[in-house]
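Report on the following structure.
No value in this document is a laboratory result; all are computed from the given coordinates. Computed from a predicted model, the values in this text were never measured in an experiment. Glycine also receives a Cβ, built like all others from the backbone with ideal geometry; neighbour counts cover every protein chain displayed.
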Amino acid sequence: MSKIRWGILSTARINRAVLEPLAQAKRSELVAVASRDLAKAQAYAEEKGIAKAYGSYEEMLADPEIEVIYNPLPNGLHAEWTIKAAEAGKHVLCEKPLVLTLEELDQVEAAATANNVTVFEAFMYLHHPQMKTLQKIIHSGLLGKLQFINSWFSFYLPPENSENVRLQPQLGGGSMWDVGVYPNSLAIIMAQAGPPVEVWATQTKDESGVDVAMQAQMRFANGITAQIACGFRAPFRIGAQLVGDKGYLTVSRPWGHAGKTNEVFLYTGSDDGEPIAMPTADPYLAEIEAMEACVLDGAVPLVPLSMSRDFLRTVLAIYQSAESGQVVKVS
């Protein structure tokens, strides 16, 4: 069976999420890691059992044996190295957010098209089978007409941890870019109407100038509304509610955490919710298998760049509204 050969840009902590799935995936093989510090790359490669280590990102991109790049760099570096990887003929799985501006997205799209490679944003939970199950429940009519979506994601990041990339504005820091993209994307996917037509948002900033809390309300063209919240100044808290005119769902782990049972309850007129069985899977393995299908089978990405454009346009409108204090139409 053919296998695609992967390289990882950097020794970032987030790599832990994909190392085991890459080892488990039947049609993938992790063969290289790159760092701007060769000694660091070599130590990491030895610890993780990776065959090749490079002392620069450019060296790894020049390796003809590597077919796919996983890009977990800080947000502000995603566009640059995704474009360079595409120009080197590599497919790219890039951590979210894929880019920070529409101009960057245009450049990524142009590079992917010109070099005939697949690039998609690593929203692992969208590859988890529970997403299809939730959508089937909505389409079944059990909730009636979907009216309202509520979703949240927060965790506590100490203010004194100022070296954390999440608190550095020059690297695309901020809670909306970090964890807010999850409830944002969930609302858009569940509303099934494209990006919202307008948003209104408020934020709290810290001393560095990044948002450490963001709350936003969205209105979609089909009449559905959504409220999302994220932040770095609250305890770890995740969840979602999908509310129709006949019932609603509560979802304890909407991001599809591997190895944990997701509690989903259906409420249809009583205080007692009916538990709904959700499929179990490793969402990171699922997104790696999605890349395998794209490269080896010619499949279309589950998260195409057009979808990433909808997500991005909405986040940019949220930031614009939070800065201006005004309702912003998503253009």
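Kindly identify region 190-281 as rounded, prolate or oblate by the Cα gyration tensor criterion: order the square roots of the eigenvalues as a ≥ b ≥ c, call it rounded if a/c is under 1.5, otherwise compare a/b with b/c, prolate if a/b is larger, else oblate.
Verdict is oblate for region 190-281.
Quote the relative contact order of the chain in percent (integer), defining contacts as alpha-carbon pairs under 8 Å separated by 6+ residues.
18
Can you classify region 251-331 as rounded, prolate or oblate using the Cα gyration tensor, where a ≥ b ≥ c are the square roots of its eigenvalues, rounded means a/c under 1.5, and otherwise it's prolate if a/b beats b/c and oblate if not?
oblate
For Glu20 and Val327, what does the FRET efficiency come to when R0 = 45 Å and r is the distance between their Cβ atoms, rounded to the nearest 0.05?
After rounding to 0.05, the efficiency reads 0.50.
Stretch Asn116-Glu46 to full length: gain in nm at 0.36 nm per residue minus the Cα-Cα span?
Extending this stretch completely gives an extra 21.9 nm.
If you place +1 on the Cβ of every Lys and Arg and -1 on the Cβ of every Asp and Glu, how big does the dipole about the Cα centre of the chain come out, in debye to the nearest 20?
620
By how many degrees, between 0 and 90 and to the nearest 10, does the Cα long axis of helix 102-114 differ from the longest principal axis of the chain?
The angle comes out near 50 degrees.
Which of Gln192, Phe120, Leu316 sits closest to the plus end of the dipole of the chain, meaning its Cα is farthest towards the positive end, when Lys and Arg get +1 and Asp and Glu get -1 on the C-beta?
Gln192
Please work out how many pairs of lysine residues in region 93-240 are eight or more positions apart (or on different chains) and have Cα atoms closer than 23 angstrom.
4
What is the distance in Å between the Cα centres of region 193-228 and region 277-331?
With region 193-228 and region 277-331 each reduced to a Cα centre, they are spaced 16 Å.
Lys52: which lysines have alpha carbons under 21 Å from its alpha carbon, excluding same-chain residues fewer than 8 sequence positions away?
Of all the lysines, those that pass the test against Lys52 - Cα under 21 Å, at least 8 places apart if same chain - are Lys3, Lys26, Lys40, Lys84, Lys90.
Quick one: helix 305-324 against the long Cα principal axis of the chain, what's the angle to the nearest 10°, folded into 0 to 90?
The angle comes out at about 60 degrees.
Pairwise over distinct Cα atoms, reciprocal of the mean inverse distance: report the Kirkwood radius of the chain in Å, one decimal place.
It is 20.6 Å.
For Glu263 and Tyr156, compute 0.36 nm times the residue count separating them, minus their Cα-Cα distance, and round to one decimal in nm.
Net length gain for the segment: 36.2 nm.
Relative to the longest principal axis of the C-alpha atoms of the chain, give the angle of the C-alpha long axis of helix 283-297, reported between 0 and 90° and rounded to the nearest 10°.
Tilt of helix 283-297: around 60 degrees.
Just check region 10-67 against the gyration tensor rule for me: Cα atoms, a ≥ b ≥ c as the square roots of the eigenvalues, rounded for a/c under 1.5, and otherwise prolate or oblate depending on whether a/b exceeds b/c.
oblate
Residue separation times 0.36 nm, minus the C-alpha to C-alpha distance between Thr225 and Ala281: what's the value?
Difference between extended and current length: 17.2 nm.
Taking amide H atoms as placed 1.01 Å from N in the peptide plane, list the residues 5 or more away in sequence, or in a different chain, whose amide H sits under 5 Å from that of Ala240.
Under 5 Å from the amide H of Ala240: Val251.
In nm², what is the average projected area of the convex hull enclosing the Cα atoms of region 4-122?
6.5
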